[in-house]
Amino acid sequence: MEYVVRPNRTLRTSLLSFTAVAVLLAATACGSSDSGASSATGLNPPDLKAQSKLGKTEDQVNLVAWAGYVEDGSNDPKVDWVSDFEMQTGCQVNSKVAASSDEMVKLMKTGQYDAVSASGDASLRLIASGDAAPVNTSLVPNYKDVFSGLKNGAWNSVDGKMYGIPHGRGANLLMYNTQKVTPAPTSWSAVFDDAPKHKGHVTAYDSPIYIADAALYLKATKPELKIKNPYALDQKQFDAAVALLKKQSGNVGEYWSDYLKEISAFKSGDSVVGTTWQVIANLAQDEGAKVKAFVPKEGSTGWSDTWMISAKAKHPNCAYKWMDWIISPKVNAQVAEYFGEAPANSKACTETSDKSFCDTFHAADESYWKNIAFWNTPIEQCLDGRTDVKCVPYAKWVQAWTEIKG
């Protein structure tokens, strides 16, 4: 990777749990009878109120997080942003690494945890079910410096009400072997319509959410389908995406979820073209693979994580202190470099050890992120605002993915 603080072996191993985000379930709770105003997406979350002011901090805070987000020096003595937080606030941090978004949702439903670093596929479920409370952003001073593109997203807000504090973001890129894939691709057609050119050497992300990648491609190439949002697919649109992926499967050599295996496959030539993350592309290049990665002309899917507070939080004041701490410039820079993602705080870019880090990860390039469709949870109420049809919920995506892979 092109920055100074590189993921160590412990983090590389622990980060495999992040890739288990593929194990997702559908949003089954879509609000209750005491819901507030209806949102444009069809979500009617319970009418919960955000905390109005901070009180005395409690003695602890219980967090659910992705590996690499809550580091206290136990994985690497040089990587610790928890100890200073504990000293400054008196809040003892207790954290549990979750292996999937589904696990995060289940843990938050127990009421034993105060906050969670939810990805877009989990955050919508937590909002809809009332397990996540709205946040009072005025109680998080560092929120003012969060990049505008991370505020009021479809995955972390409803009707303009924020349900979390943005942590960071990343894009799902197209990576190719520069020696074996010529001319250089410009489109996702390299892994769909043109996939037979590299039969057996195409790779794809192993997750039902990858159906959205096919939908994104069809949005651009099959305008007659009228796809507006790759996570809001009616039955006809969904069937078209599934059909495209079934056709693609005959050319796929490997579906990846372990990013170390993807690096190895590109180094050996077993894979020559497919989806990737920026952190994977950088590591692959560092290890000698002749690869390039980019956002194709159709745009791309991506992910954005948000710290959300439990509606049942027993330590809400410490939770608010944590949310402000984790997006403070210096700490947010440390997390971003350690994990390999674009930071949420605009001032974090002056704190990174590699001064080109934010350029590499397009942290401040909002025009770049406008072409990224961040992961969200498909539900029957179409996320694109349509009310004349029902969209295919995520449970059906899971079933279809099994069929696609055969």
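The values are calculated or read from the model by the stated rules, or taken from the named source; none is laboratory data. Computed from a prediction, not measured in an experiment: that's the story for all the values here. Positions of Cβ are backbone-derived with ideal geometry, glycine not excepted, and every protein chain shown enters the neighbour counts.
Structural remarks
- Scanning segment 310-358 for residues that are acidic (Asp, Glu) and not in a helix (DSSP H, G or I) yields GLU341, GLU351, ASP354.
- For ALA122: the one exception among (1) more than 20 Å from ASP324 (Cβ to Cβ); (2) in a loop (DSSP other than H, G, I, E, B): (2)
- Test: residue in segment 372-385 that is part of a helix (DSSP H, G or I), in contact with a Pro (Cβ under 7 Å, 6 or more places away or on another chain) and among the hydrophobic types (A, V, I, L, M, F, W, C): no
Conditions (1) in the same structural domain as PHE85 (by TED's automatic domain parsing); (2) within 13 Å of PRO141 (Cβ to Cβ); (3) hydrophobic (A, V, I, L, M, F, W, C); (4) crowded, with 20+ Cβ neighbours inside 10 Å, marked per residue:
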| position | (1), (2), (3), (4) |
| --- | --- |
| TRP322 | yes, no, yes, yes |
| ALA333 | yes, no, yes, yes |
| PHE339 | yes, no, yes, yes |
| ALA342 | yes, no, yes, yes |
| SER346 | yes, no, no, no |
| THR352 | yes, no, no, yes |
| LYS355 | yes, no, no, no |
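- Here the condition is being free of Cβ contacts under 8 Å to residues at least 24 places away in the same chain and either surrounded by fewer than 19 Cβ atoms within 10 Å (Cβ to Cβ) or more than 28 Å from GLY149 (Cα to Cα) (or both); of LYS292, LYS297, LYS246, LYS222, it holds for LYS222 alone.
- Residues in segment 357-388 that are exposed (fewer than 14 other Cβ atoms within 10 Å of the Cβ) and either over 30 Å from VAL331 (Cβ atoms) or touching a strand residue (DSSP E or B) at 6+ places or on another chain (Cβ under 6 Å) (or both): GLY385, THR387, ASP388.
- Any hit, segment 241-248, residues being under 26 Å from PHE339 (Cβ atoms) and either touching a helix residue (DSSP H, G or I) at 6+ places or on another chain (Cβ under 6 Å) or of a type outside the set (D, E, K, R) (or both): no
- Qualifying residue in segment 194-213 (condition: part of a strand (DSSP E or B) and either surrounded by fewer than 16 Cβ atoms within 10 Å (Cβ to Cβ) or not β-branched (Val, Ile, Thr) (or both)): yes
- Some residue of segment 94-104 being of a type in the set (A, V, I, L, M, F, W, C), on the phi < 0 side of the Ramachandran plot, touching a Lys or Arg at 6+ places or on another chain (Cβ under 6 Å) and outside any loop (DSSP other than H, G, I, E, B): no
- Count of segment 322-357 residues which are touching a Leu at 6+ places or on another chain (Cβ under 9 Å) and farther than 19 Å from LYS151 by Cα: 3
- Among the candidates LYS396, LYS370, residue that is out of contact with any Phe, Trp or Tyr (no Cβ under 9 Å at 6 or more places or on another chain) and either over 21 Å from ALA243 (Cβ atoms) or at pLDDT 95 or above (or both): LYS370
Yes/no per residue for (1) over 27 Å from THR275 (Cβ atoms); (2) assigned to a strand (DSSP E or B); (3) not aromatic (Phe, Trp, Tyr):
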position	(1), (2), (3)
ASN142	yes, no, yes
GLY149	no, no, yes
TRP155	no, no, no
ARG169	no, yes, yes
ASN172	no, yes, yes
MET175	no, yes, yes
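- You will find that of TRP401, TRP397, the residue that is outside the structural domain of GLU71 (by TED's automatic domain parsing), in a helix (DSSP H, G or I) and buried (at least 22 other Cβ atoms within 10 Å of the Cβ) is TRP397 and no other.
- Annotation: THR110 fulfils all but one of (1) of a type in the set (Val, Ile, Thr); (2) in contact with a helix residue (DSSP H, G or I) (Cβ under 9 Å, 6 or more places away or on another chain); (3) at pLDDT 95 or above; (4) surrounded by fewer than 18 Cβ atoms within 10 Å (Cβ to Cβ); the unmet one is (2).
- Picking from residues in segment 68-92 that are part of a helix (DSSP H, G or I) and not acidic (Asp, Glu), the one that is nearest to TRP325 (Cα to Cα) is PHE85.
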